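First the structure, in the form of structure tokens, and then the observations on it.
None of the figures in this text is laboratory data; all of them are computed from the coordinates on show. Note that this is a predicted model, so its numbers are computed, not measured. Cβ: placed from backbone, ideal geometry, glycine included. Neighbour counts: every protein chain shown.
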């Protein structure tokens, strides 16, 4: 018996040592990476206020595929900061946009992600076209579908709605479906989809929460109705109780205070359940009981 | 000539090829028609695709030469546009107009101000091209400077603003072009500059066709207002002139919807200052009824200075949206339920809900719109008074004819019956009867003349019958009462008949 315990202990210790070594290795690697990045930032010569030449130099560094990727990232970071802080930035805005479009098809996936992210947030037509082409033809995709959908969601005037709808029905992965739903949250015609998802207990809480948020924007009266139903259903997931309490506390009609069945249910929830649900229930009661 | 394909399934490239073909054949009017926002080419396309298509069409029109019919599309982009491709294309297109006009200068300067933070590089080399390398292609500021060079001394009024462009935030590689523009503007104009025009003022709004047309919804239109009340079209618009603007809360061009609503707030204040707030109403109608719910509209309007009450509403359609779009010929299109492009549009409706004036594409002045609304109000008042007076006079003349005594003895009998001592001495005057007859005939003629505008004959036929019956009564027939009734009723029907004007196209 003692021998077994000893061998088990030895095995546990070995495993722990292995894990520690792995963590240490990772930390050292990150530390080396950080050092490289710090060196790169220094080498990239931070922008001097009032010196447009610095901005142009940063653009050249960004575009130079021969330079280490960390150096190019540093240049991109400097340019992004300058876009907000440098009063002379408009003088090179055009060149910056052109450079971003150029590196949007870079061999490095992270560079592509960052460049397309900046362009998409500016509603750039080039970026939108590339992202849409990638969703329609995966072999042309510059980014994973979930990222492409997320970036296309920056512009409600894009034409990504049909693709997003198809993704909700048949997504390559759960994250892509989630992003497709987020994108559809601005489409009034998708309200029935969100109603169905919110009422479906088989859907993951996160997905149902996205649907609740969408309905708040598109059909607030329906959200109130479903939130009430969710609260009255003890078999519902605690996260959904939480979400429903928050929704009704923030946005519910004053008449909810007259709903005795609901008030009794929330009363009980304020005394039992998880800490967060109890807290939310008390806030709800605080709002509606105060109106009595 | 092959017809223009409007199949929605066309790709952007196919549409661009059509555009090129039309430009090569100089089919100018068909190209211009493609710039209407409600054109089927723009249905279900992203806003970015609409930009590419509209820009390509502007460039095609530039190759054919911009004319007065298409000038407003160009000026619209300079006045309100924020997309680099469209502003650059418009600036280039303006240079194809037959001659520079000093009235263009404020538009060019305004565009330079609008696009300053968005001077992105654009390419006109091929449809759908984007600039991918710094220092290549052109840019909106570059094209606008070229337009100022083209305008030369016609842009003299804005020379100070052009000089003020220079600075550290100005694109360095365009400094040379800026110098050229300043030189060209400051240079003395040639003695005989063919086609050079000096506009009387810096405002081209008078040049543009403001369409007047009537509104006959073919389907019931029901609105919901900013407080959730449901109202029919007649409930909102009948009985008073109304100033109407279109908007949507998700518009991302601050020079369009958000500014229109802010201006509507100032219109309300102007109406109050002039004591007209009860007599001229305002309304803001959303392009996006599915998303712009009452609370959202209310918040949007109040934050922009709108007062909201029963005379000043924000509205979304809950029924008859398509009908409303058709009859205002709204300049808007959609991708799914979201607006992908719209123009600025404001209207003055008369007391019957018909469009009396429209203001489209360019920024409108609050005082101009109010003045037009006051014109509509004043003309309605004047029509009412003259119409009532005319109706009353004509009807009374007919009644007088019906009851006028046929002879001096009858005249005496009338007077004694009335027991008016003093009137016994009023002699019988035979000329009174023909005078009353003439009055009745004048009334008859006026109701028939009115049918030319109203196209409604019922009242005229009733008055004709009434006058005929009164005439017969002079020959002993007992028809005077019926004749008087028919004349009165017919005159009333004629006075209340609405005018019907033919519908004309908004540019």
Report the FRET efficiency, 1/(1 + (r/R0)^6), for residue A:232 and residue B:234, where r is their Cβ-Cβ distance and R0 is 41 Å, rounded to 0.05. 0.40
Which order results if A:132, B:297, A:58 are arranged by neighbouring Cβ count within 10 Å, fewest first? A:132, A:58, B:297
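What average count of beta carbons from other chains do you get within 10 Å of the Cβ of residues in B:337-348? Kindly include the intermediate steps, with their values, before the conclusion.
On the way: counts 7, 10, 2, 4, 1, 0, 0, 0, 0, 0, 0, 0.
Across B:337-348, the average partner-chain Cβ count within 10 Å equals 2.
I'd like the mean, over residues of A:148-159, of how many other protein chain beta carbons sit within 10 Å of each residue's own Cβ. Show your work: numbers first, answer last.
Details: counts 0, 0, 0, 0, 1, 0, 0, 5, 9, 17, 7, 11.
That average works out to 4.
As a footprinting exposure proxy, order A:100, B:10 by other Cβ within 10 Å, with the fewest listed first. Mind dumping the intermediate values first?
Values: A:100 26, B:10 15.
Exposure proxy ranking, most exposed first: B:10, A:100.
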Using all alpha carbons of region B:214-335, what is the percent of pairwise distances in each 10 Å bin, ordered from the shortest bin to the longest? 13, 47, 35, 5, 0
For B:177, B:63, B:341, order by how many other beta-carbon atoms lie within 10 Å, fewest first: B:63, B:177, B:341
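Explain nothing, just the number: relative contact order of region A:88-202, from Cα pairs under 8 Å at least 6 residues apart, as a whole percent.
Working: 114 pairs, mean separation 19.7, N = 115.
Answer for region A:88-202 is 17 percent.
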With a Cα-only, solvent-free Debye model of region A:162-292, what are the log10 I(q)/I(0) values at q = 0.10, 0.22 Å⁻¹? -0.33, -1.22
Let me understand region A:79-172 better: what is its radius of gyration from the alpha carbons, and its Dmax, in angstrom? 14.2, 48
